[in-house]
Each structure stands twice: as C-alpha cells, then as structure tokens.
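Novice: Here's a structure for you.
The values are calculated or read from the model by the stated rules, or taken from the named source; none is laboratory data. Quantities reported herein were computed from a predicted structural model and do not represent experimental measurements. As a convention, Cβ positions derive from the backbone with ideal geometry for all residues, glycine included, and neighbour counts pool all protein chains shown.
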Amino acid sequence: MSRVRLQNVSKTFGTTTAVKELNLTIREGEFFTFLGPSGCGKTTTLRMIAGFYYPAEGRIWFDNRDVTEVPPQKRNTGMVFQNYALFPHMTVHENVAFGLEVRKISKKEIRERVKKALEQVRLAGYSDRRIAQLSGGQQQRVALARSLVIRPGILLLDEPLSNLDARLRDEMRSEILSLQRSLGITTIYVTHDQTEALSMSDRIAVFNQGVCQQVGTPEEVYNAPRNAFVASFVGETNLFPATVAQVSGETVTVQSKDHTFRIRHKQEESGFSVEPGNRLFLTIRPEGVDLVPEAGENTLSAKMELVQFMGTSFHCAARLEDGTPLKAMFVNRPDLMGRLREGDRVIFRFPEDRLRLIPGGD
Ligand code: ATP
C-alpha cells in the first residue's frame, strides 16, 4: 500500500486552469475523497495520479518514488471509472482477467486470482455471464474486481456509484467501504455527493474551481469549515454576513444587519482570531437552530414557510422579518408533532455554542 503525495501540482487545458498549485498527502491505507461540484478539478487530479494526464507543474510521489513521468501501466494503480469501461462482448471472467493477461501471468494463477476477486465483490458464480446480462450494480462490482485483481497499491475510484439508483448506491457504499477496510488499500474516491464523502472517508479534500479549499476528517470539514464555500457545499447551512462588535475572551459579539449575537469562538478550533471591526460570516447548521417560546438573547422572529416531516426529523424553511431565508431541522422531537405549521410566526434561538464564525464576508 502506498502513500501519495502531490507537490505543487497544476494542470491547464488551453486557457482553463483545471487544478491549481495542489499540495496534498494521502496516507497509506487511507480512504481519501476528493469532493466538489462539477468541473472543480477532481477527475483531472485523479487522472494525474493514475498517469493519464501529466501535470503542467509540480511532482507526484508514491512513497519515495517520483512517478510524475511514469506511464499509467507502471504505476500499480487500479482504477474504476464512472461508466465502468467494461468490454461488453466479453464475459465477466474475461473482463477481470484482462489486466493479468497483458501482464503475462500464468493461466493457473489468473484463474485463481479472478476467482478470488469475484468472491471479494460477491460475484462468485457469475464468471461466464456476459456484461450485457448484468445489472448496473453487478457491472459496478465487475469493474471493482477488475481493478483489485492486479493487486494495486492504490485504488482510484471516479464517481463509481453515480449510475446506480439510490438504494443500490447505499448498499454499494457500505460494500466498497468494508472491502477497502479489509484490504487496507490506499483509496482515492472522487464524488460530488457530500453524503458519500462524509460517510465513507477517513479524510476529505474539498475542491472548488481547481483549488483545494480544505482537507480534514468528515467531522472537521463539517463542524469547522474554513470558508463559506466549504460551509455551504458540505451539508446545509445558514450563512449571514456579520461584523465583529466586541471580543471578550472566547465570547465574541457580532452584528448582522439589525441583530446582535453572542458566540463562543475558540481560535485553536477555528484556526483564526477575530478583532472588532472584522467582517466575516456568521453560520449555523439547520440542526443547531432551536425553537423557543419567547424572544431573548440570540433569538430571531420568523415565519414558517415549509415544514417537512421526514420520519425522524422535521425540516423547516422559514423567513426572517427582513426577508432572509433560514433553514432549521429538529431531530428526535416528538414534542413538536402537530405543532409546526406553515404560516405560523415562530421564535428561533441560535445557541452561542452552535454559531460559528467563518472568514470572508468582505
Ligand atoms: P465532474 O464531476 O463534472 O467530472 P470534475 O471536478 O471532475 O468535474 P474535471 O473533469 O477535473 O472536473 O475538470 C476540471 C476543469 O478542466 C473543467 O473546467 C473542465 O472543463 C476542464 N477539463 C477537464 N478535462 C479536459 C480536457 N480533456 N480538455 C479540456 N478541458 C478539460
């Protein structure tokens, strides 16, 4: 299993900068995800790691080996593509065996390794089927078996679940994860789906417009986003421009429009300090918002516009008096059953330990 290091890597296509000055280390055995919207440079980065693209600048290392100029077949990476890229006229066995045959491995060993790879992806007994006779989920498993059979040091997965329906996607998510855990293989996973990224990864790199915005564990990225883009792309959030009015130890008072809020701000957690006059964003996740009977500190009055009962939670869309939209979510609150009505005036409270400050907002 290998560690992957990208050192100041950039890639341009004509006048488009697809990836800009990327520095990243993916640890041995880690499940690492590139997350970001369409066109942000995730696939280009993965393809540079696989060797399909060469960087315009920078170096790529696998452990202590500089692979920047090494062709793909000599990198010992296994790749699963979004469209699987299987050979439709060939059988499952032939598809999985292909990579071993080009490596001139003996027939006997090929048989054994294909059998094992198909067992790993729960497709034992399917070796003689043709690809066209398989469901989407099964084809996905063949693609996975084909990449694992060569015993790669690094597994590269480019949106492998995006062609599957929601239920199968959930199932394959756990299968890929348990396979990765049992093999301990360094895995890089590309997705634009934040739920996939949060639920599968040891660490996530969030990309936007070719630039890596933040690297961290799912908890770090979700709970301590470094900027407004990460806050709003990873999970839902409420984001308000605000100005720091007063700082007293860890307690910061900020002003947003006509409202004053008190917040607990820890520099060591957030990575930045604040001073009076700073303009930044005030943010709170929908599940951080509370509903209270009376106005008081950190409260705002709003009108409930949409209430959706989701089984274990209520998802609410409301509007503040100045027209600002606000999302709130109440989890495990049977006391609210039948009490949240669209059109009602309500009072929301933003607990000071659930509010966060994020740089930016000028
Ligand atoms: P998606 O999720 O849509 O695949 P992505 O985050 O993987 O998006 P990339 O495919 O890496 O994004 O693309 C990054 C940028 O580089 C985009 O602006 C894209 O149009 C451009 N790009 C990617 N590949 C090429 C290419 N072969 N030729 C020209 N431009 C390209």
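Novice: Which condition number does E236 fail, the rest of (1) within 25 Å of I204 (Cβ to Cβ); (2) touching a residue at least 40 places away in the same chain (Cβ under 8 Å); (3) not in a loop (DSSP other than H, G, I, E, B) being met?
Specialist: Going through the list (1) within 25 Å of I204 (Cβ to Cβ); (2) touching a residue at least 40 places away in the same chain (Cβ under 8 Å); (3) not in a loop (DSSP other than H, G, I, E, B), E236 breaks only (3).
Novice: Of the residues that sit in region 150-168 and are away from the ligand (no atom under 16 Å from the Cβ), under 30 Å from S106 (Cα atoms) and of a type outside the set (D, E, K, R), which one is farthest from the chain's Cα centre (by Cα)?
Specialist: I150
Novice: Among all residue pairs at least 6 apart or on different chains, which show Cβ distances below 9 Å where the first residue, located in region 148-177, is on the phi < 0 side of the Ramachandran plot and the second is of a type in the set (S, T, Y) and assigned to a helix (DSSP H, G or I)?
Specialist: Close Cβ pairs satisfying both conditions: L155/S147; L156/S147; L157/S147; D158/T43; R173/T195; R173/S199; S174/S199; L177/S199.
Novice: So, one more: Return the total of residues in region 70-95 being away from the ligand (no atom under 16 Å from the Cβ), outside any loop (DSSP other than H, G, I, E, B) and within 30 Å of G58 (Cα to Cα). Break it down into steps so the answer makes sense when it comes.
Specialist: So the first thing to find is which residues in region 70-95 are away from the ligand (no atom under 16 Å from the Cβ), and the list is 70-71, 73-78, 86-95.
Of the ones still in play, those that are also outside any loop (DSSP other than H, G, I, E, B) are 73-74, 77-78, 91-95.
From what's left, within 30 Å of G58 (Cα to Cα): 73-74, 77-78.
Final tally of qualifying residues: 4.
Novice: Now, a different point. Regarding region 169-186, can at least one residue be identified that is of a type in the set (S, T, N, Q), within 16 Å of the ligand (Cβ to nearest atom) and surrounded by fewer than 19 Cβ atoms within 10 Å (Cβ to Cβ)?
Specialist: Step one: list which residues in region 169-186 are of a type in the set (S, T, N, Q), which gives 174, 178, 180, 182, 186.
Next, from what is left, pick out any that are within 16 Å of the ligand (Cβ to nearest atom): none.
There is no residue in region 169-186 that is of a type in the set (S, T, N, Q), within 16 Å of the ligand (Cβ to nearest atom) and surrounded by fewer than 19 Cβ atoms within 10 Å (Cβ to Cβ).
Novice: Related question: With the requirement that a residue be more than 15 Å from the ligand (Cβ to nearest atom) and either free of Cβ contacts under 8 Å to residues at least 60 places away in the same chain or of a type in the set (A, V, I, L, M, F, W, C) (or both), what does region 52-69 give you?
Specialist: Listed by number, the residues that qualify are E57, G58, R59, I60, W61, F62, N64, R65, D66, V67, T68, E69.
Novice: Then there's this: Do you know which of the residues in region 1-47 that are near the ligand (Cβ under 9 Å from one of its atoms) and in a loop (DSSP other than H, G, I, E, B) is farthest from V206 (Cα to Cα)? Working first, answer last.
Specialist: Of the residues in region 1-47, the ones near the ligand (Cβ under 9 Å from one of its atoms) are 11-14, 16-19, 34, 36-47.
Then keep just the ones that are in a loop (DSSP other than H, G, I, E, B); that gives 14, 36-41.
Numbers: G14: 24, G36: 6, P37: 9, S38: 12, G39: 13, C40: 9, G41: 10 Å.
Among residues in region 1-47 that are near the ligand (Cβ under 9 Å from one of its atoms) and in a loop (DSSP other than H, G, I, E, B), the one farthest from V206 (Cα to Cα) is G14.
Novice: Of the residues F261, F272, F240, F309, which single one is at pLDDT below 95 and surrounded by 15 or more Cβ atoms within 10 Å (Cβ to Cβ)?
Specialist: On the way: F261 fails: at pLDDT below 95; F272 fails: surrounded by 15 or more Cβ atoms within 10 Å (Cβ to Cβ); F309 fails: surrounded by 15 or more Cβ atoms within 10 Å (Cβ to Cβ).
Testing whether each residue is at pLDDT below 95 and surrounded by 15 or more Cβ atoms within 10 Å (Cβ to Cβ) leaves just F240.
Novice: Among V80, V96, V92, V70, which is the only one that is closer than 19 Å to I26 by Cβ, in contact with a helix residue (DSSP H, G or I) (Cβ under 6 Å, 6 or more places away or on another chain) and hydrophobic (A, V, I, L, M, F, W, C)?
Specialist: V80
Novice: Here is a follow-up. Taking the stated definitions as given, is F348 farther than 21 Å from P225 by Cα, part of a strand (DSSP E or B) and in contact with a Phe, Trp or Tyr (Cβ under 6 Å, 6 or more places away or on another chain)? Walk me through how you get there before you give the answer.
Specialist: Details: farther than 21 Å from P225 by Cα: yes; part of a strand (DSSP E or B): yes; in contact with a Phe, Trp or Tyr (Cβ under 6 Å, 6 or more places away or on another chain): no.
Taking the combined requirement at face value, the residue does not satisfy it.
Novice: So which of T12, T45, T16, T25 is of a type in the set (S, T, Y), surrounded by 16 or more Cβ atoms within 10 Å (Cβ to Cβ) and in the same structural domain as P218 (by TED's automatic domain parsing)?
Specialist: Values: T12 fails: surrounded by 16 or more Cβ atoms within 10 Å (Cβ to Cβ); T16 fails: surrounded by 16 or more Cβ atoms within 10 Å (Cβ to Cβ); T25 fails: surrounded by 16 or more Cβ atoms within 10 Å (Cβ to Cβ).
Checking each option against the conditions leaves just T45.
Every residue, every condition in (1) part of a strand (DSSP E or B); (2) crowded, with 21+ Cβ neighbours inside 10 Å, yes or no:
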| residue | (1), (2) |
| --- | --- |
| I49 | no, yes |
| I60 | yes, yes |
| T68 | no, no |
| A97 | no, yes |
| K104 | no, no |
| V114 | no, yes |
| A117 | no, yes |
| A124 | no, no |
| L144 | no, yes |
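Novice: For region 98-152, enumerate the residues that are under 22 Å from I176 (Cα atoms) and among the small types (G, A, S).
Specialist: G99, A117, A124, G125, S127, S135, G136, G137, A143, A145, S147
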